[in-house]
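**Student:** Please find one structure pasted underneath; my questions will follow.
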Amino acid sequence: MFQRDYFMRMIEQMTEAVGQILNLRRERKHEDALLFIDELLDKKFRLSSKLIRSLSDEDLMKMMTTNGLLETDHLQAIALLMKQEAEVNAELGREDESFLAYLKSLHLFVRLALAGAEPTFAEPREMIKELQDKLLPYELPIKSKRLLLEWNVEEGRFDSAENLMHELLEDNALGLAEAEAIYRRMLLHTDSALEAGGLPREEIMLGLESLSGHHDV
């Protein structure tokens with residue numbers, strides 16, 4: 001009962017907080033909105049806003065794990081606040097800050113989705129789609145591409161996974177053995193799942209053949 005009340009209260013507080021941020025943005029009080037996000041990050045979580053921003057998503061996940069349990073609600077709240085911060089910075093024309101905050105939000109939502117987190121404040125899949133759209137104009141870091149590759153394979157978006165795989169191979173950021181293992185993982189799915197994922201079995205076989213061609217070079 002206590003757990004349920006705690007969650008309900010947290011959902012209420014976060015909904016209210018996002019509403020306040022949106023109001024400040026509408027009133028063009030962008031600096032106030034950024035201060036408000038800072039205060040929320042400082043008050044709501046065990047870590048300071050400065051630490052939350054400086055930690056990698058993996059380290060943040062570790063810090064938000066208690067007795068082996070991932071505090072998915074807290075991570076979703078942080079990911080949501082990072083997204084709001086990115087939008088405020090975008091409106092201020094601070095492209096670098098905006099890009100980094102969007103990226104952090106995307107990484108956290110992807111990791112939450114991969115961990116099978118229940119949506120508390122936001123549906124991770126919807127957020128991932130929205131954040132990917134926001135980041136379309138940019139070249140994503142290798143770490144982000146690798147994370148999205150994993151996510152696309154898990155989600156059965158095999159054509160998108162293959163595109164990312166080729167980008168990573170071109171960047172020398174993915175080994176041939178790794179790429180081969182990913183194709184073989186895909187082959188474990190049914191023909192209909194592969195068709196639905198945009199990459200029929202014969203195309204995967206061709207992809208494997210081309211990899212073995214690289215091996216021979």
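The values are calculated or read from the model by the stated rules, or taken from the named source; none is laboratory data. Remember, it's a predicted structure, so these values are computed and weren't measured experimentally. Note that we place each Cβ from the backbone using ideal geometry, even for glycine, and neighbour counts take in every protein chain shown. Accessible surface areas use protein heavy atoms only, side chains included; no ligands, DNA or RNA. Shrake-Rupley method; radii C 1.70, N 1.55, O 1.52, S 1.80 Å.
**Student:** Hey, among the residues in segment 151-160 that are more than 15 Å from the chain's Cα centre (by Cα) and not acidic (Asp, Glu), which one's surrounded by the most Cβ atoms within 10 Å (Cβ to Cβ)?
**Tutor:** 158
**Student:** Hey, among 92, 55, which residue is modelled with pLDDT of 95 or more and among the aliphatic types (A, V, I, L, M)? Outline the logic, then answer.
**Tutor:** Values: 55 fails: modelled with pLDDT of 95 or more.
After applying the criteria, what remains is 92.
**Student:** Please work out if residue 179 is over 18 Å from residue 110 (Cβ atoms), in contact (Cβ under 8 Å) with a residue 24 or more places away in the chain and among the small types (Gly, Ala, Ser).
**Tutor:** So residue 179 passes the test.
**Student:** Can you pull out the residues in segment 110-132 that are among the aliphatic types (A, V, I, L, M) and either under 12 Å from the mean Cα position of the chain (by Cα) or within 17 Å of residue 81 (Cα to Cα) (or both)?
**Tutor:** In the first step, residues of segment 110-132 are kept if they are among the aliphatic types (A, V, I, L, M); the result is 110, 112-115, 117, 122, 127-128, 131.
Those that are among the aliphatic types (A, V, I, L, M) and either under 12 Å from the mean Cα position of the chain (by Cα) or within 17 Å of residue 81 (Cα to Cα) (or both): 110, 112, 113, 114, 115, 122, 127, 128, 131.
**Student:** Could you grab me the full set of residues in segment 4-33 that are hydrophobic (A, V, I, L, M, F, W, C) and touching an Asp or Glu at 6+ places or on another chain (Cβ under 7 Å)?
**Tutor:** Residues of segment 4-33 hydrophobic (A, V, I, L, M, F, W, C): 7-8, 10-11, 14, 17-18, 21-22, 24, 33.
Within segment 4-33, 7, 10, 24 qualify.
**Student:** A further question on this structure: If a residue counts only when it is on the phi < 0 side of the Ramachandran plot, surrounded by 15 or more Cβ atoms within 10 Å (Cβ to Cβ) and under 15 Å from the mean Cα position of the chain (by Cα), which helices (runs of 4 or more DSSP H) contained entirely in segment 10-109 have at least 3 such residues?
**Tutor:** 57-63, 72-91
**Student:** Right, here's the next one. Among the residues of segment 133-150, is there at least one that is of a type outside the set (A, V, I, L, M, F, W, C) and open to solvent by less than 20 Å² (accessible area, probe 1.4 Å)?
**Tutor:** Narrowing segment 133-150 to residues of a type outside the set (A, V, I, L, M, F, W, C): 133-134, 137-139, 141, 143-146, 150.
Subsequent filtering for residues that are open to solvent by less than 20 Å² (accessible area, probe 1.4 Å) retains 144-145.
Taking every residue of segment 133-150 in turn, at least one turns out to be of a type outside the set (A, V, I, L, M, F, W, C) and open to solvent by less than 20 Å² (accessible area, probe 1.4 Å).
**Student:** Here's something else I'd like to know. Any idea which of (1) in a helix (DSSP H, G or I); (2) modelled with pLDDT under 95 is the one residue 137 doesn't satisfy?
**Tutor:** Only one criterion in (1) in a helix (DSSP H, G or I); (2) modelled with pLDDT under 95 is unmet by residue 137, namely (1).
**Student:** Here's a check for you: in segment 161-181, which residue that is within 22 Å of residue 124 (Cβ to Cβ) and hydrophobic (A, V, I, L, M, F, W, C) is surrounded by the most Cβ atoms within 10 Å (Cβ to Cβ)?
**Tutor:** Applying the filter and picking the extreme gives 161.
**Student:** Mind listing whichever residues of segment 30-53 are in contact (Cβ under 8 Å) with a residue 24 or more places away in the chain and among the basic types (Lys, Arg)?
**Tutor:** Scanning segment 30-53 gives 44, 53.
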